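Here's the structure, in structure tokens; my notes come after.
Rule-based calculations on the coordinates, nothing more; no lab input. Nothing here was measured: the structure is a model prediction, and the numbers come from that model. Methodologically, a virtual Cβ is constructed for each residue, glycine included, from the backbone with ideal geometry; neighbour enumeration extends over all protein chains shown.
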Amino acid sequence: MIKIGLLSFSDGRERVHRDLAPGIAENARLLRKALEDTGEVEVFPAPEIIWRHGQARDQAKAAAAAETEGTIFNLPVFAFPNLVRIAAAWARPPFLAFTPEFGGLPGLGGMLGAAAGLEQTGLACDKVYGSLADRETVGRLLTFCRAAHAVNGLKGRVLGLIGGRSIGMVTGAANPDLYYSAFGLDTDHFDQSEILRRAALVPEAEVDRALTWLESRLGTVDYDGGKLTPANLKTQIRHYLATKDIIGERQFDFVAVKCHYEMSEYYATQCLGAAFFNDPYDWDGAKEPVVFACEADADGAVTMQILKLVSGRPVIFTDLRHYDAVEDVLVLCNCGAMSTWYAARSDRPEENLRNVRLMPVIPKYGGGGGHVRFIGHEGPMTFARLYRRSGRFRMTIFQADLERFPEAKLNETCPAWPHLFARLPVPARSVIPALGSNHLHGVAGDFRAELLEFCALTGVEADAF
């Protein structure tokens, strides 16, 4: 649940404030009801309408103390703009100013005056003017709330980097100072050799239980007596459980794991972890997905965490393999795993997993284990990638619809890997030059507005399609 503070403002003259107070309170009630009726937002309204300097401080402090993730300024009248600026010094950012669509009072001027007073000092303040009976107006307010949740959901969180840079991919290498200055995000390094040490300590009974669960629910497990054997699959299970132990002990909020090449070349690929950490379930039952980015892609991990925060859904890590001009689809596949939730988009794990095939790792990798293969289920997706240009963050955002193709089409790329076939509403060739990495990340649904709002609130330059 997203928690948003609500501060209401009035005229600074007591006699005028007394006349305006009932209407301001009623607008606050309607605003709170509209947001809470979405089922996504809990609104904390400050107890008093602000019309004096001391109130501005006290009411803002009260809203911030409620651990809110952003603040909406209720401005149905021409409230004194300086009161908003005083409150903003204590309230929890980001900020949005709202006034209802009504010509009988100068609320629009009050909203613009208050927001401009913040913006001229460098503080961002979004603005919404409209009727709360209008779904579009409520949608714009909800977009702000989701973006605010993402902005504050990164602050003080920890990205665990398990292993160093993978196969020379400089676009995924971490920049801890930039993560902190842009998002308030900490970065903690941990050696992936610790996965191996802890894996050896996992009880055999726990591994056997996980193996039975997988074998009974996956569509097929294609044991080949070489790369993919029960013993090698058990190794991957041990690595998953060891990584889970590391995440819990180190209190990592999300992770990027190297894998290539020490793990994939000499032990086992980390495909099982890349699939099931990003899933809302494993053999222990329902769980909170933990963003897991492959190949130590730190910018990818941050992108995925943003997508998770704005949507509340499992997210995808993938590669842009190629553009199929004949079918007019982007072909997306990565080297072994995506969240299996996307195999059917079902809340029932068995419905997803029966569409998943565990395939032997390809000969390119010296180690063993399985790739987690499926074709992504049809439906709308939002894709994004956070990347860096000249020391500043940018984000590419686009919408697409996933389509299914016969399994034989996988032979055109890599039949052992999971695939998405994405049809864009704009020419795909116009999007490709705007991508700052070979990796892409996605979430089910259309969250372009939330991502653009996040970028506006954090100063990230966005390219949207």
Self-check item: Angle between the chain longest axis and helix 204-217 axis [Cα atoms, degrees, rounded to 10]
Solution: 80
Quiz prompt | Sequence of TRP341, TRP90 once ranked by neighbouring C-beta atoms within 10 Å, starting from the fewest | solution = TRP90, TRP341
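When Lys and Arg each count +1 and Asp and Glu each count -1, what net charge do the other residues less than 15 Å away from ALA116, Cβ to Cβ, add up to? Intermediate results must be reported in sequence, preceding the final value.
Values: positive: ARG85, LYS127; negative: GLU119, ASP126.
Cβ neighbours under 15 Å give a net charge of 0.
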Quiz item: Taking only Cα atoms, what is the 0 to 90° angle, nearest 10, from helix 14-36's long axis to the longest principal axis of the chain?
Solution: 20
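Around THR229, under 13 Å between beta carbons, what's the net of Lys plus Arg minus Asp minus Glu among the other residues?
Numbers: positive: LYS227, LYS234; negative: GLU215, ASP222, ASP224.
Neighbourhood net charge equals -1.
Quote the FRET efficiency, to the nearest 0.05, computed for ASP19 versus GLU67 with a Förster distance R0 of 30 Å and r equal to the Cβ-Cβ distance.
Numbers: r = 34 Å, r/R0 = 1.14.
Efficiency for this residue pair is about 0.30.
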Quiz item: With a 10 Å Cβ neighbour count serving as the proxy for reagent exposure, in which order, fewest first, do TRP213, TRP417 appear?
Solution: TRP213, TRP417
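Classify region 321-465 from the C-alpha gyration tensor, please: rounded if a/c falls under 1.5, else prolate or oblate depending on whether a/b exceeds b/c.
Values: a/c = 1.72, a/b = 1.61, b/c = 1.07.
Taking the square roots of the gyration eigenvalues as a ≥ b ≥ c, region 321-465 is prolate.
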Quiz item: At what distance in angstrom do the alpha carbon centres of region 20-82 and region 271-308 lie from each other?
Solution: 36
Quiz item: Each label point is 7 Å from the Cα along the Cα-to-Cβ direction; what then is the distance between the points at ALA408 and LYS155, in nm?
Solution: 5.6
Quiz item: Which aspartates and glutamates, on any chain, are close to LYS127 with Cα under 18 Å apart, when same-chain ones fewer than 8 places away are left out?
Solution: GLU69, GLU101, GLU119, GLU136, GLU450, GLU453
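Give the relative contact order (percent, whole number) for the chain; include only Cα pairs under 8 Å separated by 6+ residues. Intermediate values should be presented prior to the final figure.
Numbers: 1039 pairs, mean separation 59.3, N = 465.
Once divided by the residue count of the chain, the mean separation gives 13 percent.
Once you order the gyration tensor axes a ≥ b ≥ c over the Cα atoms, which shape class does region 2-154 get: rounded for a/c under 1.5, otherwise prolate or oblate by comparing a/b with b/c? Could the numbers behind the result be given before it?
Numbers: a/c = 1.45, a/b = 1.18, b/c = 1.23.
It comes out rounded by the Cα gyration axes.
Given the rule -39500 (n - 2.57) for each run of at least 4 DSSP H residues, summed and divided by the residues of the chain, what is its mean residue ellipticity at 222 nm, to the nearest 500 deg cm²/dmol?
Working: 15 runs with 172 residues, N = 465.
Calculated at 222 nm, the ellipticity per residue is -11500 deg cm²/dmol.
I want the antiparallel fraction of DSSP beta bridges within the chain, as a percent rounded to 5.
Numbers: 36 of 75 bridges.
The answer is about 50 percent antiparallel.
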Quiz item: In region 282-387, which GluC sites (Glu not before Pro) fall in coil by DSSP and have 15 or fewer other Cβ atoms within 10 Å?
Solution: GLU327, GLU378
Self-check item: Subset of LYS244/LYS409; LYS234/LYS364; LYS244/LYS364; LYS155/LYS234 violating a 31 Å alpha-carbon distance limit
Solution: LYS244/LYS409; LYS155/LYS234
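Rounded to the nearest 0.05, what FRET efficiency is calculated for ARG345 and ARG29 with R0 set to 41 Å and r the Cβ-Cβ distance? Could you put the intermediate results ahead of the total?
Values: r = 37 Å, r/R0 = 0.90.
After rounding to 0.05, the efficiency reads 0.65.
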Self-check item: 0 to 90° range, to nearest 10: angle between helix 298-311 axis and the chain longest Cα axis
Solution: 60
